[in-house]
Structures are given as C-alpha cells and as structure tokens.
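Colleague: Once you've had a glance at the structure underneath, I'll fire off some questions.
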Amino acid sequence: DESKYQPVDGIIHRCPGKLLFLPTLNCFGHCRFCFRSEHRVKLLGREKLNAAFKYIQDRTDIREVLLTGGDPLTLPMEDLEEILATLHAIDHVEIIRIGTRALAYAPHVITPELVAMLAKYKPVFMSLSFVHPDEITPYCEDKLNMLADAGIVMLQQGPVLKGINDDSRVLKQMYEKLAKNRVLAYYAVYGIYAPGVRHFIINRKTAKRLFMELENNTS
C-alpha cells in the first residue's frame, strides 16, 4: 500500500536517501503485471508539482529522485525538462533516475532532441524494464546506443514472470543483448502481487534456481 508512504501528492517516500516522484500516471502501455494498473490516469497540476518540489527541497537527506509513474517520457518534452531542471538545481539531489518502458513500447519517442535535453542534466540514470529479448529490436538498439553515446546510464530492472521469462536461457539472451547495448543489469523483481496477476508469480525457490543457473554462465 504505497499511500501510507505518500507525504504529498506525487511523492512516495519509503526509503532513506531517495524517493519516487510521480508527475504522471499516464503510460505508453498497459502492462498486465503493473502494480499501479488500477490507478486512474492523472497529471500533477502546478500547485501539486510545486508542493512536491518543496518536499524534496526541504529534505536535505534526499540524494536520489526516481521519476516514475506511469511513464515520465509521456510528458511533453518542455514539461519534463522543467522537472529535470528544478531537481538538478537542488544541491542535495545528486542523482536523477527516470523509470520508463518507452524503449520497449514506443522507442520512437527517443529523439535526438530529447536525448540532448536529458544530457544537459547529467548524471541522469534511466531504469528500463524489459521482460523478453524479443522487445529489444534493431530499432530499439539504435535508440539505446543513442542514449548511451550521450552519457545516459541505463539500468535493467524488469520482472521475472511465469510463462514469459522464467527460463534462464531467455534471461541470459535478454541480459546479454542489453549488455551489448550498454544497459547494465541492475536488479530483477519477482513475487510482486497486484490484482489479477497471480498466474505470473514465481516463488523464491524458482527465482533462486534461475539465477544460480545464470551465475558464471554470463557476464
């Protein structure tokens, strides 16, 4: 229940030193496994945006802000830049991370103009959430390399889902394809319950077996 960690609209502050900032719940896709899938699409208005910024400004222990949602890349570029510029100007915010599924669902939004804008606010990390190697198309790979060339650090943090990628051979292919395109394996998640997704859930024993099979078999 994320609501108990929500001091102001658009902020989820659960861990010390970092927080989630949700400027939009709009997204490029409708992932069946998404634990925010029942939230209504909304944008933070000016008043709520300012309150979120003030919360971050006042908490000097916050060194990392994860922009998530929804998907921040659904925002108009000028709106996204305003958020990045405001966060970048806060002295104690050292890292800005953007969580997105755009590279899988809508790689066309990764334009030279967007990449140049993101590069102005480095260090910018981009958390991606691929679930299968088939999502990493040649067109997607071009966009990944465009981001990497601009100095955007990309991290993979997708879920392991029963019947989709709960196979070490599939995961190996996906992680190696990502590594070739300069995306670092950051973490994998499993067992996150959301309404209507129990058929995707793997247990701890299966997760351990999968990653033991991967260990020393891929870099």
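The values are calculated or read from the model by the stated rules, or taken from the named source; none is laboratory data. What you see is a predicted model; the values in this text were computed from it and never measured. In this analysis, Cβ positions are derived from the backbone assuming ideal geometry, glycine residues included, and neighbour counts consider all displayed protein chains. Only protein heavy atoms, including side chains, enter the accessible area calculation; ligands, DNA and RNA are left aside. Shrake-Rupley method; radii C 1.70, N 1.55, O 1.52, S 1.80 Å.
Colleague: Do any trypsin sites (Lys or Arg not before Pro) in region 164-214 lie in a loop, going by DSSP, with at most 15 other beta-carbon atoms within 10 Å of their beta carbon, and if so which?
Modeller: Here the sparse-neighbourhood loop sites are Arg182.
Colleague: In addition: What is the Rg over Rh value, at two decimals, for region 64-163, using alpha-carbon atoms and the Kirkwood definition of Rh?
Modeller: With Rg and the Kirkwood Rh in hand, the quotient comes to 0.96.
Colleague: Hey, what angle do you get for helix 168-180 against the long axis of the chain, alpha-carbon based, 0 to 90 degrees rounded to 10?
Modeller: Relative to the chain, helix 168-180 is tipped by roughly 50 degrees.
Colleague: What FRET efficiency do you get for Glu47 and Ile95 if R0 is 22 Å and r is their Cβ-Cβ distance, rounded to the nearest 0.05? Show your work: numbers first, answer last.
Modeller: Details: r = 27 Å, r/R0 = 1.21.
According to the calculation, E is roughly 0.25.
Colleague: How far is helix 77-88 tilted, in degrees, relative to the longest principal axis of the Cα atoms in the chain, given as a value from 0 to 90 rounded to the nearest 10?
Modeller: The angle comes out at about 80 degrees.
Colleague: Oh, and also: Sticking to Cα atoms, compute the Rg of region 152-215 to one decimal and its Dmax as the biggest Cα-Cα distance, whole number, in Å.
Modeller: 12.3, 35
Colleague: Now for a different question. Mind checking the full-extension length gain between Ile192 and Asn216? Use 0.36 nm per residue of separation minus the Cα-Cα distance, one decimal, nm.
Modeller: Details: separation 24, 0.36 × 24 = 8.64 nm, distance 2.69 nm.
Length gained between Ile192 and Asn216: 6.0 nm.
Colleague: Here's a follow-up. Of all DSSP beta bridges located in the chain, what percent are antiparallel, nearest 5?
Modeller: Roughly 15 percent of the beta bridges in the chain run antiparallel, per DSSP.
Colleague: Determine one quarter of the surface area of the Cα convex hull of the chain, which equals its mean projected area, and express it in nm² to one decimal.
Modeller: On the way: hull surface 47.9 nm².
Result: a mean projected hull area of 12.0 nm².
Colleague: Shifting gears a bit: List the cysteines of the chain that have no other Cys Cβ closer than 4.7 Å: which are they?
Modeller: That list is Cys15, Cys27, Cys140.
Colleague: List the pairs from Lys143/Lys177; Lys120/Lys143; Lys122/Lys143; Lys48/Lys120 whose alpha-carbon separation is above 20 Å, in the order I gave them.
Modeller: Lys48/Lys120
Colleague: Using a 1.4 Å probe on the protein chains only, how many percent of the accessible area of the chain belongs to carbon and sulfur?
Modeller: Taking all protein chains in place, the chain shows 52 percent carbon and sulfur surface.
Colleague: Quick one: helix 204-214 against the long Cα principal axis of the chain, what's the angle to the nearest 10°, folded into 0 to 90?
Modeller: With rounding to tens, the tilt is 80 degrees.
Colleague: Let me ask something else. Ratio of region 132-177's C-alpha Rg to 2.2 N^0.38 Å, to two decimals?
Modeller: Rounded to two decimals, the normalised Rg is 1.27.
Colleague: State, to one decimal in nm², a quarter of the convex hull surface area for the C-alpha atoms of region 1-92, i.e. the direction-averaged projected area.
Modeller: It is 5.9 nm².
Colleague: Using a 1.4 Å probe, what is the accessible area per residue for the chain, in Å²?
Modeller: That works out to 53 Å² per residue.
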